[in-house]
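Let me begin by presenting the structure, written as structure tokens, before commenting on it.
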Amino acid sequence: MHGFLRSLRLERDRVPSFDEYPFRIPAIRDLDELELDPKCTFLVGDNGTGKSTLIEAIAVAAGFNAEGGSKSFKFATRSSESALHRYLRLARGWKRERDGFFLRAESYFNLGTQIEALDAEPGGGPPIIDSYGGRSLHEQSHGESFLALAQHRFHDRSLFVLDEPEAALSPSRQLTMLAIMRDLIERGGSQFIIATHSPILLAYPGARIYLLDASGLRQVEYEDTEHYQITRTFLQSPRLFLERMFRDDKPPEE
């Protein structure tokens, strides 16, 4: 199986300066060519390591709107994307995706508002919201609307670029999301590229995981991620874990 996106390359000779944002971020500064899994690729790392910056650049370079949505969305509430996408070259497989979606948690509200605005325009076709379950995304909880999007708008043979989709999902809903992903990948031939903090989503079988940190960017195994290790240690003995943490954080006596 060949993914729609096989790899991405940073055109390093065109980068104006590696001392400027976002190129000074270690994971971006270290980037040369990144091979993507034909089924599912994860980007993980602490806050500020560049995973959302990179996932945004991949989405924009692939033709998606910077604030999210399908490739037909062209709205811009506030232009804040980095210049990174201009210096990325995507290597595509021999098959092209039939559809796709860029989901980013931080601008999801803007996406829902744009859908309502488009449906309010006179003389349009069938309501766009029908493709999202027929109910306003603003009239549902954040988690409900995320799942409604995945259940009604995600289709087979599609490219999905997701930025922290777990932000609105409870653990049980994250498991539901995994089931949706598996169906779209294994039966529907879709490809996912996801930036996440979720140890649940990261457990997707056979996924390729890239860690972004202060030392750069490298591929890691699921069990070697901090997300897995900290979660496992905490769940094994929450009380002992917290006692040790609070003891270590206790301020010195005067």
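The values are calculated or read from the model by the stated rules, or taken from the named source; none is laboratory data. What you are looking at is a predicted structure, and each value in this text was computed from that prediction instead of being measured. A quick note on method: Cβ atoms are made from the backbone with ideal geometry, for glycine too, and the neighbour counts reach across all protein chains shown.
The table below gives the values:
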{"quantity": "Looking only at segment 168-213, and only at residues there that are under 13 Å from the mean Cα position of the chain (by Cα) and in a loop (DSSP other than H, G, I, E, B), the one that is farthest from Asn47 (Cα to Cα)", "calculated": "Ser198"}
{"quantity": "Residue in segment 164-196 that is nearest to Glu67 (Cα to Cα), counting only those that are modelled with pLDDT under 95 and touching a Gly at 6+ places or on another chain (Cβ under 8 Å)", "calculated": "Ala168"}
{"quantity": "Unmet requirement for Thr41, which otherwise passes all of (1) within 15 Å of the chain's Cα centre (by Cα); (2) surrounded by fewer than 19 Cβ atoms within 10 Å (Cβ to Cβ); (3) in contact (Cβ under 8 Å) with a residue 24 or more places away in the chain", "calculated": "(2)"}
{"quantity": "Any hit, segment 214-222, residues being more than 16 Å from Leu178 (Cβ to Cβ), in contact (Cβ under 8 Å) with a residue 60 or more places away in the chain, over 14 Å from the mean Cα position of the chain (by Cα) and crowded, with 18+ Cβ neighbours inside 10 Å", "calculated": "yes"}
{"quantity": "For Arg244: the one exception among (1) touching a helix residue (DSSP H, G or I) at 6+ places or on another chain (Cβ under 8 Å); (2) not in a loop (DSSP other than H, G, I, E, B); (3) not aliphatic (A, V, I, L, M)", "calculated": "(1)"}
{"quantity": "Pairs where the first residue, in segment 86-98, is closer than 8 Å to Arg9 by Cβ and the second is among the charged types (D, E, K, R) and at pLDDT 95 or above, C-beta under 6 Å, 6+ apart", "calculated": "Arg89/Arg9; Arg89/Glu11; Ala91/Arg6"}
{"quantity": "Strands (runs of 3 or more DSSP E) fully within segment 1-106 counting 1 or more residues that are among the basic types (Lys, Arg) and at pLDDT below 90", "calculated": "99-104"}
{"quantity": "Unmet criterion (only one of (1) on the phi < 0 side of the Ramachandran plot; (2) at pLDDT 95 or above) for Glu144", "calculated": "(2)"}
{"quantity": "Residues of segment 171-220 that turn out to be closer than 25 Å to Gly93 by Cβ and among the acidic types (Asp, Glu), as a count", "calculated": "2"}
{"quantity": "Residues located in segment 144-166, provided they are surrounded by fewer than 22 Cβ atoms within 10 Å (Cβ to Cβ), assigned to a helix (DSSP H, G or I) and either in contact with a Ser or Thr (Cβ under 6 Å, 6 or more places away or on another chain) or among the acidic types (Asp, Glu) (or both)", "calculated": "Glu144, Arg153"}
